[in-house]
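Chemist: This is the structure I want to talk about, given as structure tokens.
Values quoted throughout were computed directly from the atomic coordinates according to the rules given, and no laboratory measurement underlies them. On a predicted model such as this, the values are computed, not experimentally measured, just so you know. Here Cβ is always computed from backbone atoms with ideal geometry, including for glycine, and neighbour counts include all displayed protein chains.
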Amino acid sequence: MTSANKWLALGQKNMKNIFLLLFIIGSVEAFAQSELRPLSMLEGDTLVRAKIFVKNPEKLKVQKGKMYFWYHKDRLLGTEAAYSGLLLEGLYERFYPNQNLLEKGFFHKGLKHGLWQKWWENGRLKEELNWKKGQKKGVLRRYNAAGQLIEKGQYRKGKLHGKYYFFDPETGRCIRVERYKKGEKKAAKPKKERKKKPAQKEKKKAKQKKKSATTSSK
């Protein structure tokens, strides 16, 4: 076999391997997609679009203190540390009657995960917060219907922690601060009263009086 034929045979073999790999990847993706079912339903006057498992993952251990969201008999439900239906998975969207987004986020095995956002009916952002496997995490921001920041706080391990700020929407200045520790609001520290300093004239009079008293005693 000539060197040219050898290279040709090697190329054909590599092409077969590539096609086989692509076929396997495509089959895995198709199987993964078939495990989820798209869902579209009305909740009150809002439209919900989401995805649910056709069959829930096996050996899924629920975790205490975390809210699981699931679907059963045309209803979306949420329960703490339990579920009794098909778990939500992937993108979740809810819309106002005017078709503006009301809420958007992601689920992972029934738990909120990643960035979640809410909007006012006029399209302005209302709230944004990150979640990690069913726990609130990081900075929470809230806005009024005009899109101005009104509240800002921090979550740690699912609980408010640290300073929580309230802002004047007109000026953007902080008007109040609350303090939290592991979800519990701390009592405001009483302001220390400053001791009033005597007026300059009173100081001068006291100094002169003391001086005159010393002179008379001599």
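Chemist: From the P(r) of region 35-193, can you give the percent of Cα pairs sitting at distances over 24 Å?
Modeler: 45 percent
Chemist: Quick query: amide H of Lys126 versus all other amide H atoms, modeled in the peptide plane; which residues come in under 5 Å with a sequence gap of 5 or more or a different chain?
Modeler: Lys118, Trp119, Trp120
Chemist: Would you mind checking the pairs Lys66/Lys185; Lys118/Lys189; Lys104/Lys185; Lys64/Lys159; Lys112/Lys189 and listing those with alpha carbons more than 24 angstrom apart?
Modeler: Distance filter (> 24 Å) returns Lys118/Lys189; Lys104/Lys185; Lys112/Lys189.
Chemist: Now, a different point. Using Cβ counts within 10 Å as a stand-in for footprinting exposure, how do Ile52, Ile150, Ile175 rank, fewest first?
Modeler: Lowest to highest Cβ neighbour count: Ile175, Ile150, Ile52.
Chemist: Continuing with the same structure: For region 32-63, which GluC sites (Glu not before Pro) are both in a DSSP coil and crowded by at most 15 other Cβ atoms within 10 Å?
Modeler: Glu35, Glu58
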